[in-house]
Amino acid sequence: MNSFISWIGGKKLLKKKIIEQFPEAFDRYIEVFGGAGWILFDKERHALMEVFNDVNKDLINLYRCVKYHPEALQKELEWAFVSREQFFDYISQAAVRGMTDIQRAARFFCVIKLSFGSDLRSFGVRPRDMQRTIDYLQEVSKRLNKVVIECVDFGRLIKTYDRESALFYCDPPYYEAEKYYPDRFQPEDHIRLRESLSQIKGKFILSYNDCPEIRELYAGYNITAVERQDNLVTKTNPRRYKEVIIKNY
Ligand SMILES: C[S@@+](CC[C@H](N)C(=O)[O-])C[C@H]1O[C@@H](n2cnc3c(N)ncnc32)[C@H](O)[C@@H]1O
């Protein structure tokens, strides 16, 4: 199935290439930098135990509300309609106190859906079938039924879930793209991530932009170059991005 949201850095266009590089045997699957979860949602189940994490609290509140309260969230979204005014109202309401988790999740969901390129800031002008995406939340809720949802920094998550039989999928903010996640990921966190991953007992698979700094940081690991289309590709913009998939197996 598809994810229910789009997200900056989402792996919609790379998911097949990543999944085909998964090892044959693992019994716990941990998605460390969750975002829109394109890899998680692509399969009915990746492993006996699945963990989905992101340090973004609004995002994880949305996932938890979809998982545990899909009907209440759908009811809260009954009034949702596509308008520039409402979009900016939702953004300013993020700082308001006294709302329930479901009210917050509904607003955040609308901001993701209505923003341009999921930037959560600018209103994207285009027709949208909000009802279809709201109905889809029931299916998403079922997919998340047995998934453990966490909201912690990657360092702590990796330590907590590491086992020989674990597979960590890591999709951190790309090198020099940290500005999209300024309060959560700093340039030096790339080194901290490499240190965490170099100490694990389990396996990891990591996706990054293909650049000399990342190739140097992961020298000695198994690195495969892959290409994907630009998300905004058109006939006049046939741009392709070079990325790498890095593994410790
Ligand atoms: C490139 S996106 C992941 C995209 C995801 N794979 C998808 O398909 O949509 C990176 C994610 O890492 C999260 N993040 C940033 N810093 C983090 C940290 N220190 N620990 C855990 N997650 C973090 C961001 O909130 C963002 O959602």
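General remarks:
- In the range 107-214, taking the dipole from charged Cβ atoms about the Cα centre, the farthest positive-side position among Phe123, Ile214, Phe108 is held by Phe108.
- Distance in nm between pseudo-label sites at Asn145 and Asn248 (7 Å out along the Cβ direction from Cα): 3.3
- Summary value for the chain: 22 percent relative contact order, contacts being C-alpha pairs under 8 angstrom separated by 6+ residues.
- Asp101-Glu195 pseudo-label distance in nm [points 7 Å out on the Cα-to-Cβ vector]: 3.3
- Taking the Cα centre of the chain as reference, the dipole from Cβ charges on Lys and Arg (+1) and Asp and Glu (-1) amounts to some 400 debye.
- Put a dot 7 Å past the Cα of Trp79, heading toward its Cβ, do the same for Phe116, and the two dots end up 2.8 nm apart.
- Stretching the chain fully between Ser92 and Ser165 yields a gain of 21.8 nm (0.36 nm per residue, less the alpha carbon separation).
- Using only alpha carbons, the range 58-144 has a radius of gyration to Kirkwood radius ratio (Rg to Rh) of 0.94.
- Inverse mean reciprocal Cα-Cα distance (Kirkwood Rh) of the range 1-56, Å: 11.7
- Cα point-scatterer Debye curve for the chain, base-10 log of I(q)/I(0) at q = 0.10, 0.15 Å⁻¹: -0.50, -1.13
- Its Cα centre serving as origin, the range 58-144 has a Cβ charge dipole (Lys and Arg +1, Asp and Glu -1) of approximately 180 debye.
- Residue pairs exceeding 29 angstrom between C-alpha atoms, taken from Lys75/Lys146; Lys179/Lys242; Lys16/Lys201; Lys67/Lys242: Lys67/Lys242.
- Cα centroid separation - the range 177-208 against the range 1-71, whole Å: 17
- Low-density loop cleavage sites - GluC sites (Glu not before Pro) in the range 106-214, where at most 12 other Cβ are within 10 Å (DSSP): Glu164, Glu176, Glu188
- Calculated over the range 131-242, the projected area of the Cα convex hull averaged across directions stands at 10.2 nm².
A short reminder: the numbers here are calculations on the coordinates, not readings from a lab. Only a predicted model underlies this, so the values are computations on that prediction, with no experimental measurement involved. Please note: Cβ atoms are built from the backbone with ideal geometry, for glycine as well, and neighbour counts cover all protein chains shown.
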